[in-house]
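Read through the structure below, which is laid out as structure tokens, and then see the notes.
The values are calculated or read from the model by the stated rules, or taken from the named source; none is laboratory data. Bear in mind the structure is a predicted one, so any value in this text is a computation, not a measurement. Counting neighbours? That spans all protein chains shown, and the Cβs are built from the backbone with ideal geometry, glycine included. Each accessible area value is taken on the protein alone, full model and side chains, heavy atoms only, with ligands, DNA and RNA left out. Shrake-Rupley method; radii C 1.70, N 1.55, O 1.52, S 1.80 Å.
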Amino acid sequence: MKLSFLLITTFFILNLSFAQVTKLDDWDSAKEQSELSGKKILIILTGAEWCKPCVKMEKNVMENQQFIDYANQNLIIFEINIPRNQNYNTKTMKDYLHFKNKYVTNALPIMILVDKNGTEILRISNNLSSLENVLEKLKKYN
């Protein structure tokens, strides 16, 4: 009995220490949450499982506790994560093509900070594997 209690307690402690940034994959939900909270939306276009710069950004920035805390407190994250095997008929690919064209970009990864209406405020496309670079730029607009 004591062993199972210890295992369950350890499991919960480990899960709490691996907090994640809250990400949405629905634009309407992101806009609604932005409107309600007054937070800006950070659009992230990525291929986190196959794109080498995207993998670095994921590891160095998105999984960093400092970024997680900042983003969860100050931003609505709208992420489009393109899978390795792209099927152009999926919602993910249709969303990617829409936002890629709307913000005129071919870059992966890219972060685009927008207001609740989708008006671009900031574009970060260089040095996205640097936590310091990303946070420095984002904090100028929050």
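Quick notes on this structure:
- Residue list for the range 73-91, restricted to those being open to solvent by less than 60 Å² (accessible area, probe 1.4 Å) and within 20 Å of residue 41 (Cβ to Cβ): 74, 75, 76, 77, 78, 79, 80, 82
- Residue count for the range 86-104 under the criterion of being touching a Leu at 6+ places or on another chain (Cβ under 9 Å), more than 23 Å from residue 74 (Cβ to Cβ) and hydroxyl-bearing (Ser, Thr, Tyr): the result is 2.
- The C-beta contact set for the range 114-130 (first residue farther than 20 Å from residue 60 by Cα, second residue of a type in the set (Gly, Ala, Ser), distance under 8 angstrom, 6+ apart or interchain) comprises 115/34; 116/34.
- Taken over the range 128-142, the criterion of being of a type outside the set (Gly, Ala, Ser) and not in a helix (DSSP H, G or I) is satisfied by 128, 140, 141, 142.
- Residue match in the range 49-59 (condition: more than 13 Å from the chain's Cα centre (by Cα), assigned to a loop (DSSP other than H, G, I, E, B), loosely packed, with under 12 Cβ neighbours inside 10 Å and modelled with pLDDT under 95): no
- Scanning the range 53-90 for residues that are more than 22 Å from residue 32 (Cβ to Cβ) and either aromatic (Phe, Trp, Tyr) or touching a His at 6+ places or on another chain (Cβ under 9 Å) (or both) yields 67, 88.
- Failed item in (1) more than 20 Å from residue 130 (Cα to Cα); (2) at pLDDT 95 or above; (3) assigned to a helix (DSSP H, G or I), with residue 92 passing the rest: (2)
- Yes/no for residue 33 being under 16 Å from the mean Cα position of the chain (by Cα) and either on the phi > 0 side of the Ramachandran plot or at pLDDT below 95 (or both): no
- Within the span defined as the range 107-127, every residue fails to be surrounded by 15 or more Cβ atoms within 10 Å (Cβ to Cβ) and assigned to a helix (DSSP H, G or I).
- Every listed requirement among (1) among the aromatic types (Phe, Trp, Tyr); (2) within 20 Å of residue 29 (Cβ to Cβ); (3) open to solvent by 50 Å² or more (accessible area, probe 1.4 Å) is met by residue 141 save one, (2).
- Residue match in the range 66-84 (condition: within 22 Å of residue 109 (Cβ to Cβ), modelled with pLDDT under 95 and not β-branched (Val, Ile, Thr)): yes
- The residue pairs whose first member lies in the range 42-67 and is acidic (Asp, Glu), whose second member is assigned to a helix (DSSP H, G or I) and modelled with pLDDT of 95 or more, and whose beta carbons are closer than 8 Å, counting only pairs six or more residues apart or on different chains, are 49/55.
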